[in-house]
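What follows is a single structure, written as structure tokens, with notes after it.
Since every read-out is calculated from the coordinates, none of them should be taken as a lab result. None of the values given here were measured: they were computed from a predicted structure. Note that each Cβ is placed from the backbone with ideal geometry, even for glycine, and that neighbours are counted across all protein chains shown.
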Amino acid sequence: MIICDKEDCPRVYCTACMKHLLCPTTYEQVLREDPWECFLCAKSQSFTDSFVKPRTNWKAKIISMFRTNFKSNAQQLVKRNREKKKIRVLSLFDGLSTGLLVLLKLGIAVDKYYASEIDPDALMVSATHFGDRVIHLGNVKGITKEKIKEIAPIDLLIGGSPCNDLSLANPARLGLHDPKGTGVLFFEYSRILDLVKKINNKRHLFWFYENVASMPTEYRLEINKHLGQEPDTIDSADFSPQHRLRLYWHNLPLEPHSLPNQEQQDVQDILTPHCQRYSLVKKIRTVTTKVNSLKQGKLALKPILMKDETDSLWITELEEIFGFPRHYTDVKNLSATKRQKLIGKSWSVQTLTAIFRSLCPFFECNTTETNRP
Ligand SMILES: C[S@@+](CC[C@H](N)C(=O)[O-])C[C@H]1O[C@@H](n2cnc3c(N)ncnc32)[C@H](O)[C@@H]1O
């Protein structure tokens, strides 16, 4: 620690942090000066002629201080992987196979995509678009060590377990530990992560776990403890027409504050053309499995104006808001309510695309993006 020598100044500075964040000359100057008046006390300086010269990459350095060493691992991996392979994926709680849709959209060549899912409607949507490209493993609880040995090595483990028993929005939530609830399924992700790491041996594993941002701190801290890090908090409104604040625990080589933001997309941009539909909001609030979540604000208003009357979002528009192709969930004569139930649980394709783009340098990747599954 270095203490400011100015009388009455209570400030103390951590030398490790200063070394990490200041440019080397400034840091040495601080050490040499005796007595030393701190950055805020030194009279001679103004903000325009600042004594503190930060490193040009100080933002990245601050972020990396709170992270594990994934970045250097990933950089080494790029060097090692001169010959890029197709990616092998294990997707837990696969839902609408959003993970596969996004990888293909990014042009990443997929060798194997193993998935665990139990909802018949979700399975039907996945089968309609991907057929046997998705290799279904059934209930996550049935994925044994032997099964992982059979499908290893895995390059990417993804999953977002059900949030209904974790979310603050549900006052009757059962939490992380009640065996009757779905919150405990997080531990299945954690168990399988440990297994894959062990069985993969030296093969690098990228992993990614998602859940709602509105969960009690104690759940979040417990998840941190098991996954060994703090999550990134990202709002899908930065990439799509919907606010969807989510926590992402991962070891992907990305800086959440500098994710590429393709184009600003608002609700108006995705409304069905030629139907005189006008959006009353720029971005909609988080869509859940509940029909009421499509209504906006305290007054619960419908967000669309059509021929002088308010209207709800159509289900094809909702698909587009999430980044899915229109009619993606239009299978098996599913009702609009059932389709919303599937979409309301899913990942935002635009957000996942921004996140998974960081995987492109590591795998065989044809950079022309396509929107088709
Ligand atoms: C939050 S959703 C994940 C949606 C997915 N990320 C997507 O983009 O569509 C959780 C999923 O876990 C599935 N699930 C629940 N219990 C499961 C279990 N025991 N094994 C496998 N999947 C399960 C649910 O059916 C649901 O589709």
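Computed quantities for the displayed model
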| quantity | calculated |
| --- | --- |
| Cut-off under 5 Å, modelled amide H: who pairs with residue 110 long-range | 87 |
| Counted charge near residue 302, where neighbours are those whose Cβ lies closer than 11 Å (Asp, Glu -1; Lys, Arg +1) | -1 |
| Cut-off under 5 Å, modelled amide H: who pairs with residue 136 long-range | 115 |
| Helical mean residue ellipticity (222 nm; -39500 (n - 2.57) per DSSP H run of 4+; nearest 500) of the chain | -8500 deg cm²/dmol |
| Spin-label model distance (nm) - residue 290 vs residue 149, 7 Å beyond Cα toward Cβ | 4.7 |
| Ratio Rg/Rh [Cα only; Rh per Kirkwood] for region 267-344 | 0.94 |
| Amide H contacts under 5 Å for residue 245, placed H, 5+ residues apart | 236 |
| Cross-link pairs beyond the 24 Å C-alpha cut-off, checked among 225/290; 180/290; 86/147 | 225/290 |
| Two-site label geometry, residue 139 and residue 255: point separation in nm, points 7 Å out along Cα→Cβ | 4.6 |
| nm² value of the averaged projected area, convex hull over the Cα atoms of the chain | 24.4 |
| Net +/- balance of residues flanking residue 340 in space, Cβ distance below 13 Å, scoring K and R +1, D and E -1 | +2 |
| Proximal aspartates and glutamates relative to residue 141, as straight alpha-carbon distance under 16 Å, when same-chain residues fewer than 8 apart are discounted | 94, 117, 119, 178, 188, 194 |
| Distance between modelled label sites at residue 233 and residue 187, nm, 7 Å Cα→Cβ extension | 2.7 |
| Difference of contour (0.36 nm per residue) and Cα-Cα distance, residue 172 to residue 198 | 5.7 nm |
| Long pairs among 282/302; 85/112; 197/345, criterion Cα-Cα beyond 21 Å | 197/345 |
| Choice from 90, 31, 100 with maximal GNM fluctuation in the chain (Cα, 10 Å cutoff) | 31 |
| Among 40, 22, 195: highest mean-square fluctuation, GNM of the chain, C-alpha pairs under 10 Å | 40 |
